[in-house]
Amino acid sequence: QCVIACPTASLSEKECIRDVWKVLNDPTKHVIAQTAPSIQVTIGEDFNMPVGTFVRGKLVTALRRLGFNKVFATDVTADLTIMEEASELKERVTEHPERLPLLSSCCPAWVKFAEHFYPDLLPNLSTCKSPHEMCGAMTKTWYAQKYGIDPSTIVNVAIMPCTAKKYEAARPEMTSDGFRNVDYVLTTRELSRMIRSVGIDFDDLEDSKYDKPFDQFSSAGTIFGATGGVLEAAVRTAYYFMTGDEMGVPDYEDARGQKGLKYGNVAFGDRTLTIAIAHGAGNAKKALTRHLNGEKTFDYMEVMACPGGCVGGGGQPILGGKDQKRISLDYRHNRADALYNIDKGSKIRKSYENPVMQEIYDEFLGKPLSETAKKYLHTSYVKRGRFPYLREGDKS
Ligand code: SF4
């Protein structure tokens, strides 16, 4: 497994391309590609399309042409993450208020930051694995059983906006029944290089659809790619779980926009929760400092390490040529707007309405936070010192 964890790509990622070609050429392997929500509005930029062009169908076709046996949407397991995280929020509000605020855990760079600098807050982190790890876990268990595939032959390749996901996939906690959840992580740029290297004319590709059973998803799963998206998606489902009622208008405007630190309130029946959303480690630190000194407290916070969230991830296309390492605010806006437009036009906008969730819970997991769900979809964290960066108990 190739590992490096620089969310802003100030270091070049270690490539996995050669390893992925090797498994694609091995007929004994069942090779699955899963694509993160943000990729469908960013990869087109590597093929000279306007910023934020929606290319979901072409992306799926390109992956099939490269030889992947199945192409799955990570958006599906973003819905699964929300089913579990919204249940966690409800459980903490009603039974374990001492574990509030709930802190999101989808961003591995933020998780590592918390492990180093806020070890006392680790019990507050959501125990949910991130969506690509949940996808890996489900492909090697539920999917393998359902379709009669030997899990030892499955190779899960995650196409991610992010170099930190390479590190996350290699964490010792990220296994299921002895199998690594995700075997390789390719960044958006690495996938673009693979597509170009075999002469595929991306612009000219016809559209195709994701493969069953990871083919249907809510647009709540899709907006995960923008800062505030995870929290907005969780609010939609937590509202239903906590009140039994549907949210009339699922748009949660307080969660949107490129401001570095946002606050808002959500009324869940007679209980109002304060939420915070931070992107960039500096903004997370600011919010946590204010919370800890009592100046501005909150009950639930989403943190994404990259500016703008995953649409601004370190593995995304670099715009403005090689000299421009930073993705400008306009570009982030355009990419995020593209995701919110998908959400606006979607028929299914809440994770619990996704029919695949019903299938997964009926056939395998039982219910959110069940023992099986905890075994495969949840994880634990490690207190690490500031320096040297070690796990508690490790020898220096
Ligand atoms: Fe990766 Fe997204 Fe976190 Fe950036 S914000 S480090 S792209 S998960």
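The values are calculated or read from the model by the stated rules, or taken from the named source; none is laboratory data. None of the values given here were measured: they were computed from a predicted structure. With ideal geometry, Cβ positions are generated from the backbone for all residues, glycine too; neighbour counts draw on all protein chains shown. All accessible areas refer to the heavy atoms of the entire protein, side chains included, with ligands and DNA or RNA removed. Shrake-Rupley method; radii C 1.70, N 1.55, O 1.52, S 1.80 Å.
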Residue, farthest from the ligand (Cβ to nearest atom), within the stretch 62-106, restricted to residues that are of a type in the set (Ser, Thr, Tyr) and part of a helix (DSSP H, G or I): 94
Verdict on residue 87 being within 19 Å of the chain's Cα centre (by Cα), open to solvent by 10 Å² or more (accessible area, probe 1.4 Å) and at pLDDT 95 or above: yes
Any hit, the stretch 245-262, residues being in contact with a helix residue (DSSP H, G or I) (Cβ under 9 Å, 6 or more places away or on another chain), closer than 25 Å to residue 129 by Cβ and more than 16 Å from the ligand (Cβ to nearest atom): yes
Residue match in the stretch 49-57 (condition: under 17 Å from the mean Cα position of the chain (by Cα), basic (Lys, Arg) and within 17 Å of residue 220 (Cβ to Cβ)): yes
Qualifying residue in the stretch 141-151 (condition: within 16 Å of the ligand (Cβ to nearest atom) and touching a strand residue (DSSP E or B) at 6+ places or on another chain (Cβ under 9 Å)): no
Residue check for residue 235: assigned to a strand (DSSP E or B) and touching a residue at least 12 places away in the same chain (Cβ under 8 Å): no
Residue count for the stretch 116-134, restricted to those that are part of a helix (DSSP H, G or I), within 15 Å of residue 103 (Cα to Cα) and touching a Pro at 6+ places or on another chain (Cβ under 9 Å): 2
Any chance residue 352 is open to solvent by 30 Å² or more (accessible area, probe 1.4 Å), within 16 Å of the ligand (Cβ to nearest atom) and either touching a residue at least 12 places away in the same chain (Cβ under 8 Å) or of a type in the set (Val, Ile, Thr) (or both): no
Output for the stretch 224-244, where each listed residue is open to solvent by less than 10 Å² (accessible area, probe 1.4 Å) and polar (S, T, N, Q): 227, 237
Of all residues making up the stretch 271-311, the number that are within 29 Å of residue 338 (Cβ to Cβ) and open to solvent by 50 Å² or more (accessible area, probe 1.4 Å): 2
Flag if residue 181 is open to solvent by less than 10 Å² (accessible area, probe 1.4 Å), away from the ligand (no atom under 16 Å from the Cβ) and farther than 19 Å from residue 279 by Cα: no
Flag for residue 256 being crowded, with 17+ Cβ neighbours inside 10 Å and at pLDDT below 95: yes
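Restricting attention to the stretch 189-221, which residues are among the small types (Gly, Ala, Ser), assigned to a loop (DSSP other than H, G, I, E, B) and within 19 Å of residue 20 (Cβ to Cβ)?
199
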Flag for residue 376 being at pLDDT below 90 and part of a helix (DSSP H, G or I): no
Given (1) within 29 Å of residue 335 (Cα to Cα); (2) in contact (Cβ under 8 Å) with a residue 12 or more places away in the chain, index of the condition residue 268 fails: (1)
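Yes/no matrix, rows are residues, columns are (1) at pLDDT 95 or above; (2) open to solvent by 20 Å² or more (accessible area, probe 1.4 Å); (3) β-branched (Val, Ile, Thr); (4) over 14 Å from the mean Cα position of the chain (by Cα):
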site: 145; (1), (2), (3), (4): yes, yes, no, yes
site: 152; (1), (2), (3), (4): yes, yes, no, yes
site: 160; (1), (2), (3), (4): yes, no, no, no
site: 168; (1), (2), (3), (4): yes, no, no, no
site: 173; (1), (2), (3), (4): yes, yes, no, yes
site: 185; (1), (2), (3), (4): yes, no, yes, no
Lone qualifier among 363, 392 - being at pLDDT 95 or above and more than 23 Å from the chain's Cα centre (by Cα): 363
Of the criteria (1) within 14 Å of the ligand (Cβ to nearest atom); (2) in contact with a Leu (Cβ under 7 Å, 6 or more places away or on another chain); (3) touching a residue at least 40 places away in the same chain (Cβ under 8 Å), which one residue 316 fails: (2)
Selection count, the stretch 161-171, where residues are within 8 Å of the ligand (Cβ to nearest atom) and of a type in the set (Phe, Trp, Tyr): 0
Candidates 109, 158, 137, filtered to the one that is within 16 Å of the ligand (Cβ to nearest atom) and either out of contact with any Pro (no Cβ under 7 Å at 6 or more places or on another chain) or part of a strand (DSSP E or B) (or both): 158
